[in-house]
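Here the structure is laid out as structure tokens; the discussion comes afterwards.
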Amino acid sequence: RTNGNPLFIGRCAVFNDTRNATFASYLIRARLNDGAKVLPEFLAACLSMPSYRSRIVKVATTTAGNYNINTKNLGGLPIIEPPLQIQQKFVGVTKALHDHVTRLEVDASNAEQLFGALSKNAFLGKL
């Protein structure tokens, strides 16, 4: 909803947990209506695309150095609605890529730790 940097307004995340949760007043909570023709994960991806981000910045207002977006302005932005099957495929591929990147990051971290341990032992003459 509000940020000093216009590039940070309108960013979103999907929260699928069933626990009670609270959020800061500078955030907007949105829910799709039952029977919506768009998946939350697909919508979040659309809202994150550079071409869509520029639309969000255009409808933002600014006061005292802060950029603001409200539900009325967000609700007025067009949303693409490809067939549900295509959205599901998109979400599946996106999740698979995200999972792969996460595994690569873990592997890279493990490799760095191993290299550090091997280097330390090599300099101490323990190899």
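Brief remarks on what is shown
- Residue in the stretch 25-51 that is surrounded by the most Cβ atoms within 10 Å (Cβ to Cβ), counting only those that are in contact with a Lys or Arg (Cβ under 7 Å, 6 or more places away or on another chain) and of a type in the set (A, V, I, L, M, F, W, C): Ile28
- Identification of helices (runs of 4 or more DSSP H) wholly contained in the stretch 1-100 with 2 or more residues that are of a type in the set (S, T, N, Q) and out of contact with any His (no Cβ under 6 Å at 6 or more places or on another chain) yields 50-59, 71-75.
- If you go through the stretch 52-89 and keep only what is open to solvent by 70 Å² or more (accessible area, probe 1.4 Å) and of a type in the set (A, V, I, L, M, F, W, C), you end up with Ala64, Ile80, Leu84, Ile86.
- Pair list, Cβ under 6 Å, 6 or more apart: the stretch 20-39 residue hydroxyl-bearing (Ser, Thr, Tyr), other residue assigned to a loop (DSSP other than H, G, I, E, B) and open to solvent by 90 Å² or more (accessible area, probe 1.4 Å): Tyr26/Arg1
- Among the candidates Phe115, Phe90, residue that is modelled with pLDDT of 95 or more and aromatic (Phe, Trp, Tyr): Phe90
- Filter result for Ala96 (at pLDDT 95 or above, open to solvent by less than 60 Å² (accessible area, probe 1.4 Å) and either over 18 Å from Met49 (Cβ atoms) or among the aromatic types (Phe, Trp, Tyr) (or both)): yes
The values are calculated or read from the model by the stated rules, or taken from the named source; none is laboratory data. Since this is a predicted model, take the numbers as computed values, not measurements. Glycine gets a Cβ as well: all are built from the backbone with ideal geometry, and neighbour counts include every protein chain shown. Ligands, DNA and RNA are stripped out before the accessible areas are found, and what is left, the full protein with its side chains, is counted by its heavy atoms. Shrake-Rupley method; radii C 1.70, N 1.55, O 1.52, S 1.80 Å.
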